[in-house]
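Structure record follows, encoded as structure tokens.
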Amino acid sequence: MFDRLQLVLRLREPFEAIDLGFVLLHRHARSVYGAWALVVLPLVAVIYGFFFGVLHAYPWVPPLLLWWLRPLLDRPVLHILSKASFGAVPTLKDTLRSLPSLYRRGGLSTLLWRRVDLARTFALPLWQLEGQSGKGYRLRRKILTRRALIQAQGLTVACFAFEAVLALTLLVGIQYMLPKGSEFNVFDRLFASTPGERLAWLDLLAALLPVLTATVVEPFLVAGGFSLYLNRRIQLEGWDLEL
């Protein structure tokens, strides 16, 4: 097995392990983002299509729903990164065939009590890759999170902050590109309380911004959590990793 391992096995500090996950994602970005689009685009089409008639009045509803469902979108990303670590990068067709098994278990807990876990991408491999559940999952999670828990939570907070900065940057960029002397203000129109001052295209843009920012950032969150998990396995088990 180890002759196929694509990572150098050694003990790392948590932040160095997170960097390793980012490198792994960069190496397999085409496969990861292809699988992400395979899952996200149909989901976005269904959610935004369903709420399209009220999008002008409630532009925050589809992004909020998509944010709540985001842990389900992490599974194909982890599936690809875990196999890529051992040199077996799945094709999009293979990933598509694997989707039923990826969503077979843990969906309810993922969207309820595990949804608010700031270390969810650190714990995700426990049940998706190891198949842990119930008491075994809780015990295993307690052992793994004795170290690197703070870094895993910090990674989640940092990714959330980066998404907010990215969305704000895009809006500021639109405002910056307007002709000099224009009285149109993106932020005034976006947060206007009077319906007549709101613009449909701007509400649609604001509703789609979380999709764009999540597409950019969320795979990094999954990759960082997965590499922290691998690093803890190395610390605990002395290289005895199971494929």
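Taking the Kirkwood radius as the inverse of the mean 1/r across Cα pairs, report the Rg/Rh of the range 79-180.
On the way: Rg = 18.4 Å, Rh = 16.5 Å.
On the Cα set of the range 79-180, Rg over Rh gives 1.11.
Between F51, F184, F226, where does the largest GNM mean-square fluctuation fall for the chain, given springs only between Cα atoms within less than 10 Å?
Evaluated over the chain, the most mobile residue of the options is F184.
Per the Kirkwood definition applied to all pairs of different Cα atoms, how many angstroms is the hydrodynamic radius of the range 69-135? Kindly include the intermediate steps, with their values, before the conclusion.
On the way: mean 1/r = 0.0798 Å⁻¹.
Radius from the Kirkwood sum: 12.5 Å.
For a quick check, take a GNM of the chain with Cα springs below 10 Å and name the residue from I80, I18, I150 with the largest mean-square fluctuation.
I150
Roughly what angle does helix 29-50 make with the longest principal axis of the chain, taking Cα atoms, 0 to 90 degrees, to the nearest 10?
It is inclined by approximately 50 degrees.
I'd like to check one number: the per residue accessible area of the chain, probe 1.4 Å, reported in Å² as a whole number.
Numbers: 13380 Å² over 243 residues.
Per residue, the chain has an accessible area of 55 Å².
With everything on Cα atoms, drop me the angle between helix 14-27 and the longest principal axis of the chain, reported from 0 to 90° to the nearest 10.
So the helix axis and the longest Cα principal axis differ by about 70 degrees.
How much of the accessible area of the chain, in percent, comes from carbon and sulfur atoms when a 1.4 Å probe is used?
Details: 8810 of 13380 Å².
That fraction is 66 percent.
Choose one answer from L139, L72, L43: the residue with the largest mean-square fluctuation in a GNM of the chain with alpha-carbon springs under 10 Å.
L139
Treating only the Cβ of Lys, Arg, Asp and Glu as charged (+1, +1, -1, -1), what charge dipole size does the chain show about its Cα centre? Round to the nearest 20 debye.
Values: 27 positive and 17 negative charges, 188 e Å.
In debye, rounded to 20, the chain gives about 900.
For F22, what is the net charge nearby, where nearby means another residue's Cβ is under 15 Å from its Cβ and Lys, Arg count +1, Asp, Glu -1? It would help to have the intermediate numbers written out before the result.
Values: positive: R12, R27; negative: E13, E16, D19, E218.
Net charge around F22: -2.
In degrees, nearest 10, range 0 to 90: what is the angle between the Cα axis of helix 200-237 and the longest Cα principal axis of the chain?
Approximately 10 degrees, to the nearest ten.
What whole-number volume per residue, in cubic angstrom, does the convex hull of the C-alpha atoms of the chain give?
Working: hull volume 34.6 nm³, N = 243.
Taking the convex hull of the Cα positions in the chain, it is 142 Å³ per residue.
The values are calculated or read from the model by the stated rules, or taken from the named source; none is laboratory data. If you're wondering where the values come from, they're calculated on a predicted model, not measured in any experiment. Please note: Cβ atoms are built from the backbone with ideal geometry, for glycine as well, and neighbour counts cover all protein chains shown. Note: areas computed on protein heavy atoms with side chains; ligands, DNA, RNA excluded. Shrake-Rupley method; radii C 1.70, N 1.55, O 1.52, S 1.80 Å.
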